[in-house]
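The structure appears below as structure tokens.
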Amino acid sequence: MQYILALVCLLGSSYVQAAPAENKYLQAGDLPKCSENPDEAGDCVKEIMNTLIPRLRMGDPDLKIPSYDPLTIDRMSFQYASGAVSGRISVRNVKLFGFAEHKIDKINIKVNGDKVKLRIVSKLPKMNIVGNYKADMMVNQLQLKPKGNFNVTLFDVENHVSTDGEIYKKDGHRFLRLTDIDASPKIGDMVIKANGIFPDPELDELALNVANSHWRDIYGIILPETRNSWAPLMLRLINEALIHVPLDEFTKSSS
Ligand SMILES: *[C@@H]1O[C@H](CO)[C@@H](O)[C@H](O)[C@H]1NC(C)=O
């Protein structure tokens, strides 16, 4: 869910034109140019994002940009410690399906000198996340080392992302670099499927029933607690993409 901003920027970078020059920058092409006035620019940036999201779903092999529907994450791990539960969970070969259906509802931009604040509200009707997981955790005094596959489906995701960034100059262009990000996705419903939690498949099913009836509580605790794991990854992904996006290419010259 917090990949949404990253996605948008990945889309941006996948639009980079193959040029012999060392620096490859995203070209506006047929996309609108936005006003320099932050109050007017929000709707324009929203239109650019809503155009690029479905257009570039297959990625661009020439530019070595992978398809983002599914979006693949090779590996990610989370540390968790609170109350009776602590441990580490790592996920591998994760595929997120559904991003191409993602729609931006509202973008709010605030600029103060070279500092930028963005607030983005977006909606996704359905997202399916599959992959392998491996955990090493203590629940009360009990050590568990579950390992298996998971398949989580999220319905009616409404994402609220806020970011801080700064504008810098390079190669005669202006670029945006994000310095902080936070996301608080609201989820309409969630269905969790997994195996390997317990050696016994019946216990697995029991655990899943518990997880599925308490997903709201689990999610509400885990999302903020794992922020230290996902926020830096998001910032890195987004910033890697933003180095290809010269802001002046997408703004009307104010004359
Ligand atoms: C994951 O579950 C959904 C529905 O719950 C199903 O449509 C999809 O095929 C499953 N994917 C995998 C890889 O098992």
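The values are calculated or read from the model by the stated rules, or taken from the named source; none is laboratory data. This one's a predicted model, so the numbers in the text were calculated from it and none came from an experiment. Cβ coordinates were reconstructed from backbone atoms using ideal geometry, including for glycine residues, and neighbour counts include every protein chain displayed.
At-a-glance table
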{"read-out": "Residue check, I167 away from the ligand (no atom under 16 Å from the Cβ), farther than 30 Å from L31 by Cβ, over 17 Å from the mean Cα position of the chain (by Cα) and among the β-branched types (V, I, T)", "value": "no"}
{"read-out": "Of residues in segment 177-230 being of a type in the set (D, E) and more than 19 Å from G148 (Cα to Cα), the one farthest from the ligand (Cβ to nearest atom)", "value": "D180"}
{"read-out": "Selection within segment 105-135 - basic (K, R) and either surrounded by 18 or more Cβ atoms within 10 Å (Cβ to Cβ) or within 17 Å of Y219 (Cα to Cα) (or both)", "value": "K126"}
{"read-out": "Given (1) closer than 24 Å to R88 by Cβ; (2) within 16 Å of the ligand (Cβ to nearest atom); (3) in contact with a helix residue (DSSP H, G or I) (Cβ under 8 Å, 6 or more places away or on another chain); (4) among the aliphatic types (A, V, I, L, M), number of the condition L237 does not satisfy", "value": "(2)"}
{"read-out": "Every pair of residues 6+ apart whose Cβ atoms lie under 7 Å, when the first sits in segment 45-57 and is buried (at least 19 other Cβ atoms within 10 Å of the Cβ) while the second is assigned to a loop (DSSP other than H, G, I, E, B)", "value": "I48/L31; I48/P32; L52/Y15; I53/H102; L56/Y15"}
{"read-out": "Residue check, L176 touching a Phe, Trp or Tyr at 6+ places or on another chain (Cβ under 9 Å), buried (at least 19 other Cβ atoms within 10 Å of the Cβ) and of a type outside the set (S, T, Y)", "value": "yes"}
{"read-out": "Residue in segment 156-163 that is away from the ligand (no atom under 16 Å from the Cβ), without any contact (Cβ under 8 Å) to a residue 24 or more places away in the chain and in a strand (DSSP E or B) present", "value": "no"}
{"read-out": "Filtered residue count, segment 162-185, keeping only those that are within 17 Å of P125 (Cα to Cα) and touching a helix residue (DSSP H, G or I) at 6+ places or on another chain (Cβ under 6 Å)", "value": "0"}
{"read-out": "Hits in segment 86-104 - residues which are out of contact with any Lys or Arg (no Cβ under 6 Å at 6 or more places or on another chain) and surrounded by fewer than 15 Cβ atoms within 10 Å (Cβ to Cβ)", "value": "S86, R88, N93, K95"}
{"read-out": "Residue in segment 79-101 that is free of Cβ contacts under 8 Å to residues at least 12 places away in the same chain, within 30 Å of P246 (Cβ to Cβ) and not hydroxyl-bearing (S, T, Y) present", "value": "no"}
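Yes/no matrix, rows are residues, columns are (1) assigned to a strand (DSSP E or B); (2) modelled with pLDDT of 80 or more:
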residue: I167; (1), (2): yes, yes
residue: R177; (1), (2): yes, yes
residue: I192; (1), (2): yes, yes
residue: F198; (1), (2): no, yes
residue: N212; (1), (2): no, yes
residue: D217; (1), (2): no, yes
residue: W230; (1), (2): no, no
residue: M234; (1), (2): no, no
residue: I238; (1), (2): no, no
